[in-house]
Amino acid sequence: MQEFQEGDYVEVKTKKGVFRGVLLPKPKFSDDDIIVIKMDNGYNVGVVPEEIRLLRRAEKREARREIKVKFREGLPTVSIIGTGGTIASYVDYRTGAVHPALSAEDFLFTVPEIVEEANIRASVVFNILSEDMKPEHWITIARKIKDEAEKSDGIVVPHGTDTMSYTAAALSFMFEKLPLPVVLVGSQRSSDRPSSDAYLNLISAVKVAKTDLGEVVVVMHASSSDDRCAIHRGTRVRKMHTSRRDAFESVNSMPIGEVSDKVRFFREYRRRDDDLVLRDRLDEKVSLIYYYPGMPLEVMERMLEGMHGAVIMGTGLGHVASEFVPLLREKIRDGMVIGMTTQCIYGRVNLNVYSTGRELKHAGVIPLEDMLPEVAYVKLMWLLANYEPEDVTHLMRENLRGEIEKRRFLK
Ligand code: DGL
């Protein structure tokens, strides 16, 4: 083994057959001398030394194919704005290493077919895991979209999946008018894995970016098979599973469309506006509070300290222990905006059914209908930064970007 190095292109003969591919680093958690090679079809195979009949160096492949992106007359232009996460990476099949995708060529390396769909402008605003994102990152992305909108017909934003729905909601509110689609896309499994969803998600996102949509949407796998993607409205979408490829769902709602070969819309959607209006200020003095049985009053007090607003994820129809009501009443009297959502996720808040709910409503807590807690949190940050305090309370209850559904959806 010593004469071989990680990244060498090798041929291994075993009883089970001959495998050719790139020698990968030894798996971290294995004490065995197992060797792992990445085959040309993308699958990794592990071979124990006893099974090896012959191991030799084979003809090396290029580190990566050189792809030159040419401008093609008659095709729309789509801007890809990389922000990080698994999707924004490509695999170097020589070393098996995963690299950030930084240029149009890097994205084409993962999905060469996108040149058939559009002329691609690619840029990277940052390359971070989405759990590290902060509101300032949402603002950076929004400003970059505004710049790119002058030069392209649609925007695709590759993004880590963990907090993609927060960014989608933030962009949905920040853009009051959009002359082009803004499509967020991620992948649950990196493109070095045979089961990766990166390919279908990215090509589907580019297709959606060419439509007449004038909204912020998230495009991700619609099912666990690799055949179609769903188009979710940016204010209704949630990551509902840690690892499934179809982890994203439109909650209390339905996707607005689907992409297989073609894009198909099956719900009402906003069409491209003539111009772009961006209000990119956010008030970060907002808390998102998950109430739990036994939560000490001081914990709630501390989470509200110095804040201009708060969104509570209450129990059931929208409750917290009744001993919290005087504290909330006092904060609201002092000018804080407090909204109630539910940790049930599915269904609608109703503060008229139980006495605690009625007391909360009487204290001035705003029932936020079927709005998702994360969306309500982002909406409140945006309203507090852009509107007069007296307007914020009633705007929280108004449907601005599809964040409140009047229709009921059965689950
Ligand atoms: N922690 C993840 C993120 O949201 C990385 C994996 C992914 O892209 O989903 O950035």
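Below is a table of values for the structure above.
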item: Considering residues of segment 112-141 that are modelled with pLDDT under 90, more than 16 Å from the ligand (Cβ to nearest atom) and assigned to a strand (DSSP E or B) only, the residue farthest from D280 (Cα to Cα); result: A122
item: Odd one out for G154, checked against (1) open to solvent by 10 Å² or more (accessible area, probe 1.4 Å); (2) more than 16 Å from the chain's Cα centre (by Cα); result: (1)
item: Pair list, Cβ under 6 Å, 6 or more apart: segment 344-367 residue farther than 12 Å from G314 by Cβ and open to solvent by 50 Å² or more (accessible area, probe 1.4 Å), other residue assigned to a loop (DSSP other than H, G, I, E, B) and of a type in the set (K, R); result: Y346/K411
item: Positions within segment 283-299 being outside any loop (DSSP other than H, G, I, E, B) and either touching a strand residue (DSSP E or B) at 6+ places or on another chain (Cβ under 7 Å) or exposed (fewer than 12 other Cβ atoms within 10 Å of the Cβ) (or both), in sequence order; result: V286, S287, L288, I289, Y290, E298
item: Selected residue (criterion: nearest to the ligand (Cβ to nearest atom)) from residues of segment 157-171 that are open to solvent by less than 30 Å² (accessible area, probe 1.4 Å) and in a helix (DSSP H, G or I); result: M164
item: Residues (within 16 Å of the ligand (Cβ to nearest atom), more than 19 Å from S250 (Cβ to Cβ) and not acidic (D, E)) located in segment 188-217; result: R189, S190, S191, R193, S195, S196, A198, Y199, L202
item: Sole residue being over 25 Å from L368 (Cβ atoms) and assigned to a loop (DSSP other than H, G, I, E, B), chosen from D280, D273; result: D273
item: Hits in segment 334-359 - residues which are over 14 Å from A310 (Cα atoms), of a type outside the set (D, E) and not in a loop (DSSP other than H, G, I, E, B); result: S355, T356, G357, R358
item: Test: residue in segment 172-185 that is within 14 Å of the ligand (Cβ to nearest atom), surrounded by 24 or more Cβ atoms within 10 Å (Cβ to Cβ), part of a helix (DSSP H, G or I) and at negative phi; result: no
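For every residue, the table says whether it meets (1) closer than 23 Å to L75 by Cβ; (2) in contact (Cβ under 8 Å) with a residue 40 or more places away in the chain; (3) open to solvent by less than 50 Å² (accessible area, probe 1.4 Å); (4) hydroxyl-bearing (S, T, Y).
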site	(1), (2), (3), (4)
N201	yes, yes, yes, no
S204	yes, yes, yes, yes
E215	yes, yes, yes, no
A222	no, no, yes, no
C229	yes, no, yes, no
V237	no, yes, yes, no
S243	no, yes, no, yes
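The values are calculated or read from the model by the stated rules, or taken from the named source; none is laboratory data. Since we're looking at a predicted model, the values are computed, not measured. All Cβ positions, even for glycine, are placed from backbone atoms using ideal geometry, and neighbour counts span all protein chains on display. We work out accessible area using only protein heavy atoms, side chains counted, and drop any ligands, DNA or RNA first. Shrake-Rupley method; radii C 1.70, N 1.55, O 1.52, S 1.80 Å.
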